[in-house]
1. For the stretch 351-368, in order, what is each residue's ³J(HN,Hα) by Karplus, 6.51 cos²θ - 1.76 cosθ + 1.60 with θ = phi - 60°, in whole Hz (x at glycine and Pro)?
2. Tabulate in residue order the Karplus-calculated ³J(HN,Hα) for the stretch 40-55, using 6.51 cos²θ - 1.76 cosθ + 1.60 with θ = phi - 60°, rounded to whole Hz; enter x for Gly and Pro.
3. Going 7 Å from the Cα of residue 210 in the Cα-to-Cβ direction, what parts of the stretch 127-157 have a backbone nitrogen less than 15 Å from that spot?
4. Please work out the average accessible area per residue across the stretch 267-395, using the 1.4 Å probe convention, and give it in Å².
5. Which residues does the label zone of residue 114 cover in the stretch 213-230, counting backbone N under 16 Å from a point 7 Å along Cα→Cβ?
6. How large is ³J(HN,Hα) for each residue in the stretch 74-84, as worked out from phi by the Karplus curve 6.51 cos²θ - 1.76 cosθ + 1.60 (θ = phi - 60°), to whole Hz, x for Gly and Pro?
7. Rounded if a/c is under 1.5, else prolate if a/b is larger than b/c, else oblate: which is the stretch 369-411, with a ≥ b ≥ c the root eigenvalues of its Cα gyration tensor?
8. Please sort 354-361, 295-302, 425-432 by packing, taking for each peptide the average over its residues of neighbouring beta carbons within 10 angstrom, highest first.
Amino acid sequence: MSVPDGDVPTRPSGAEGPVPRRAKSAGRGSRVQLDGIALMFSTAATAASSLLFWVVAARSYSTASVGLSSAEINAFTMLAAFAQLNLLATFLRFLAGSGNRAVRFLATGYGAIVVVALLFGGGYLALGFSSGFLAGAPAWEYAVFLLAIPVFAVFVVQDGVLTAFAKAPWVPVENLSVAVMRLALLGLLIPVLTSGENQSRPGIIAAWAIPTLLAVAVVNTAVFRRLAPAHVRRTPHASSLPPRRELLSYIAGQYLSNSMSNVITYVPPLLVLHLLGPEAAAYVNVPWLIVVSTQTLLWNIGMSFVAEVTRSPERLRVHIRSTLRLGGLVALGWTVALLAGAPLLLGLQGTDFAAEGTGLLRLLALSFPCTAVVIMYQLIASLERRIWRLVVVNAIGATALLSGVEWLAAGRGIIAVGWVYLIVQAGLALALLPAVVVRLRRGDIRLPEYTQIPANVPAETELLANSAEVTAPSAGPAERPRAR
């Protein structure tokens, strides 16, 4: 959509009933910064507590035990990221407009996640991919690994659900509670599980997974008993969900794009374990955790941006300015901080971790501004439902990264991971930057579900159009042909 020139009301495409009323927003700043800061605080605090978790683990258990535990956690986290079908983005994009279909929309999505997660986990185990960290383990450890996948998949999605329901401030409370419980449980298990590596690894896994299970139970009880029914009561008739075929196409495109993105995010540490062994995997773990956390920080801002543009598209320019200010501060500020503080940060684990990982962390930090450009391109495409372009972009990135790491890591060590990741992200950013700059400068992001009301609108809609309380997106220069 283009920035409005007036107060022409719109109706979501395919929605039932009269044009939905929007809350007063004139003179009010965008919620992008408020919700984005809440989500970023949650991510930053969680990342800090995760770093502390691995520092305590590294000082309490052997390096090999930490490497095996981190590899298992990375494995079921990666599978969960694939199994969630990127419904986080789908719920974020469409849940606010789902109206009386909200509960069914959520329940169907959650059911699909659980089924796919169990299938993926079973396939992963059957193909022997877990042999690097579960070799010789008892059957119950395989069961724990399998059941952890749907739990972590729902855990990924529920933050997007809360944000779509305008409850982003709940997210820090949830994630900080999980982080505190992980540290507490790890501390309780250390005295019991330090007698040998075969015992310590399951203890680390338990300390990481049990708090996540509790958070999933508590949050989704609130979602299905309170938030979703309240949303239906507020919007009993309006629903702007696209037709089923279009929605499935959107989900499929998002899933494939997200799958490629998850390969970029989660596979390199497992590849390091395979190529260089558990000690190298331990040295890569924290730098890579920082990469994933920084991506999450930027996506936090992006989640808020998508939710706000979907809820109040008439204020697009305000949302863009808020997003660029906050995203630029995070990407550039965090890069400078890590370039200067990498040795000190990694030194918390020990001098060998600092010596092995400082160069890697600095190279990864240089990629953050490039990652911000790639994410902004993905946000624009998501809002406009042009998802299949992202499949191509992320497929190129994933192929280049994995090929480069496998080619260089065996001869050059873990520093090769940093160089390859930086080069891939910089290449993607340079290719996508012109399109991103043009769209943001023009304020030209169009939501397909919003269309002009026809001339023969009902009388009640005319009254809404003349009401000072209604602000809705104008088509503006929508009739002007636009290059695609």
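1. 5, 5, 5, 5, 5, 7, x, 4, x, 4, 4, 5, 5, 5, 5, 5, 7, 4
2. Coupling constants for the stretch 40-55: 5, 4, 4, 5, 5, 5, 5, 5, 5, 5, 5, 4, 4, 4, 6, 5 Hz.
3. 144
4. 33
5. Within reach of a label on residue 114: 213-225.
6. Rounded to whole hertz, the list is 4, 5, 6, 5, 4, 4, 5, 5, 6, 6, 6.
7. Judged from the Cα gyration tensor, the stretch 369-411 comes out oblate (a/c at least 1.5, b/c at or above a/b).
8. Listed from highest to lowest mean packing, they are 295-302, 354-361, 425-432.
The values are calculated or read from the model by the stated rules, or taken from the named source; none is laboratory data. Given the structure is predicted, the values throughout are model-derived calculations rather than measurements. In this analysis, Cβ positions are derived from the backbone assuming ideal geometry, glycine residues included, and neighbour counts consider all displayed protein chains. These accessible areas exclude ligands, DNA and RNA; they are computed on the full protein's heavy atoms, side chains included. Shrake-Rupley method; radii C 1.70, N 1.55, O 1.52, S 1.80 Å.
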